[in-house]
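Input: a single structure, listed below in structure tokens.
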Amino acid sequence: MRNVLYSFLVLGLLFSCGPKEGQQDLGASEFQTALTAESKAQILDVRTADEFQGGHIEGAINADISTPLVFAQIASKLAKDNTVFVYCLSGARSASAAGMLKEMGFKSIVNLTGGMLAWQSANLPVATGEAKPAGSAGLTEATFAEKIKGKPMVIIDYNATWCGPCKQLSPILKEWVKAQNGKVELIEIDVDENQELAKSKKIEAIPYLEMYKNGVKTWSSVGLIGKEELDKSVGSGQ
């Protein structure tokens, strides 16, 4: 009798924890494979309208998570029994969106880790919406090189307005740069406004920092860091 009960328990766990239940976090290639295999896939791009128009995954619906009410209204029109594929720029906003979708009763949610940064870095196809004004892609590798040309030492802060850790890092960076007494120059680059550069540098997460000495990269770092690590970056650039 105990073995029979155990068998039912194992079967129950298998059916309740299958790949269609809850949330899956997949990298770009795995996300695309799962998307292609799903005949009734529903795709939510939870970035802003401007970000969406600048480049999105084919078939995606724009539901800006920064306006929760609008997001909920759009999501409520989707079929809760079908898989929802959700993404943003780097994965932070889509993780929040996945949580909201769970609360709304969606049974299968697939989140793109690394977001569009990872998708573009993997050279996967990107669709565009309304055309943006010329030059809206921002800096290219060539214009970036010109921007840092002739500068003895410069630290680049790749960020975005919606990125919490980026906002935490910004005052730390500015205070640290000020303490260098002109030895290091700070350049801030919004990845939303410079998507071509972010793609060419394969930036998959922010905040992302780079140190250049006379145009040559000597150091890089991903995530929130402190003054001690920044001090080490100067040592790397000597």
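The values are calculated or read from the model by the stated rules, or taken from the named source; none is laboratory data. Because the structure is predicted, anything quoted here is derived from the model rather than measured. Counting neighbours? That spans all protein chains shown, and the Cβs are built from the backbone with ideal geometry, glycine included. Remember, those area values only see protein heavy atoms, side chains included, never the ligands or the DNA or RNA. Shrake-Rupley method; radii C 1.70, N 1.55, O 1.52, S 1.80 Å.
In table form, for the structure just shown:
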| read-out | value |
| --- | --- |
| Failed criterion for residue 79 (all others in (1) open to solvent by 50 Å² or more (accessible area, probe 1.4 Å); (2) farther than 28 Å from residue 223 by Cβ hold) | (1) |
| Test set (1) more than 18 Å from residue 52 (Cβ to Cβ); (2) assigned to a loop (DSSP other than H, G, I, E, B); (3) modelled with pLDDT of 95 or more - residue 135 fails condition number | (3) |
| Among residues of region 33-61, those that are of a type outside the set (A, V, I, L, M), in contact with a strand residue (DSSP E or B) (Cβ under 6 Å, 6 or more places away or on another chain) and within 12 Å of residue 97 (Cβ to Cβ), counted | 1 |
| Hits in region 87-104 - residues which are aliphatic (A, V, I, L, M) and either assigned to a helix (DSSP H, G or I) or under 7 Å from residue 46 (Cα atoms) (or both) | 92, 95, 97, 98, 100, 101 |
| Filter result (assigned to a strand (DSSP E or B) and of a type outside the set (A, V, I, L, M, F, W, C)) within region 155-196 | 157, 158, 159, 185, 188, 190 |
| Evaluation of residue 238 against (1) part of a loop (DSSP other than H, G, I, E, B); (2) more than 24 Å from residue 138 (Cβ to Cβ); (3) at pLDDT 90 or above (one fails), failing number | (3) |
| Cross-chain or 6+ apart pairs with Cβ under 8 Å, region 92-121 first and open to solvent by 10 Å² or more (accessible area, probe 1.4 Å), then of a type in the set (Ser, Thr, Tyr) and assigned to a helix (DSSP H, G or I) | 114/121 |
| Residues of region 26-85 that turn out to be small (Gly, Ala, Ser) and assigned to a helix (DSSP H, G or I), as a count | 8 |
| Residue within region 46-68 that is exposed (fewer than 13 other Cβ atoms within 10 Å of the Cβ) and more than 21 Å from the chain's Cα centre (by Cα) present | no |
| Test: residue in region 168-182 that is touching an Asp or Glu at 6+ places or on another chain (Cβ under 6 Å) and polar (S, T, N, Q) | no |
| Whichever residue in region 189-230 is more than 22 Å from residue 113 (Cβ to Cβ) and without any contact (Cβ under 8 Å) to a residue 40 or more places away in the chain and, among such residues, is most open to solvent (accessible area, probe 1.4 Å) | 228 |
| Selection status of residue 151, assigned to a loop (DSSP other than H, G, I, E, B) and closer than 30 Å to residue 178 by Cβ | yes |
| Hey, residue 116 modelled with pLDDT of 90 or more and touching a Phe, Trp or Tyr at 6+ places or on another chain (Cβ under 7 Å) or not | yes |
